[in-house]
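Here you go, one structure.
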Amino acid sequence: MQRNKLLNLFASNAKRGSFKAEGNTIFLYDVIVGTDMEAEWMGGIAPKGFIDALSNMTGDVHIRINSPGGDVFAATAMTQAMREYKGAITVHVDGVAASAASIIAVAAPKVIMAPGAFLMIHNAWTIAMGDRNDLMETAALLEKVDGTLAAAYATRAKSDAAEFAAMMDAETWFTSQEAIDAGLADEIASTDQSAMASWDLSIFNSAPTIVNPISGDDADKFERRIRSHAVRMLEVAA
């Protein structure tokens with residue numbers, strides 16, 4: 001079941017998003033990926049593209065987010081660039097800021113939620129293989145990552161990290177008002193920009209909307225693409 005959900009997330013969202021910078025506005029309407037190679041293969045935005053766009057701007061910047069999340073370390077690199085930026089940054093959650101995208105959202109001094117938008121936090125995920133020692137090391141790393149994420153939310157909310165750790169355990173989806181009440185956002189936009197239906201969120205346990213899951217031949221085709229990509233990655237690593 002989880003395997004099919006994972007295929008649904010990537011297959012349904014592959015190359016569906018977009019990333020662009022216009023004037024002093026960055027539109028992060030995409031999956032967050034770790035490398036340019038991943039972005040080329042399945043779409044998404046890697047840290048370099050985001051950081052380059054931000055570094056070419058001056059003055060106040062607006063970042064508009066509609067993203068199902070992705071690579072947490074890539075998102076962390078993006079947030080560091082935001083912290084180092086000299087001007088003011090406002091994040092607008094136009095649809096959904098889920099998973100790693102929520103880390104980018106709460107890194108801004110000001111967060112504006114569209115009516116009908118959602119912000120989601122949960123524990124970090126990974127894929128691991130090896131013996132019991134390898135898996136225990138991976139679990140320990142995930143625990144550390146979860147701690148840094150909870151601390152980031154707590155810092156934004158001026159609250160207790162333990163409270164956010166519990167909400168991450170439960171996979172918590174915040175409406176616009178709930179995000180404000182939790183200290184993760186500041187206000188609701190005057191017009192509705194919600195675009196959450198652009199994404200298939202079926203891999204998440206409590207997603208409020210599930211769109212266009214794949215099955216049958218489409219899932220088999222995408223699985224073959226995943227295997228082909230794994231071979232390519234091994235060849236690069238060698």
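Just so you know, all these numbers are worked out from the coordinates, no wet-lab data involved. Remember, it's a predicted structure, so these values are computed and weren't measured experimentally. Positions of Cβ are generated from backbone atoms using ideal geometry, with glycine treated the same way; all protein chains shown enter the neighbour counts.
How much net charge surrounds residue 53 when only other residues with a Cβ under 11 Å from its Cβ are counted (Lys, Arg +1; Asp, Glu -1)? Please report the intermediate quantities before stating the final value.
Numbers: positive: 20, 48; negative: 22, 52.
Here the count lands on 0.
Taking 26 Å as the cut-off for C-alpha to C-alpha distance, list the pairs among 20/144; 86/144; 20/86; 48/158 that go past it.
Where the Cα-Cα span goes over 26 Å, the pairs concerned are 20/144; 86/144; 48/158.
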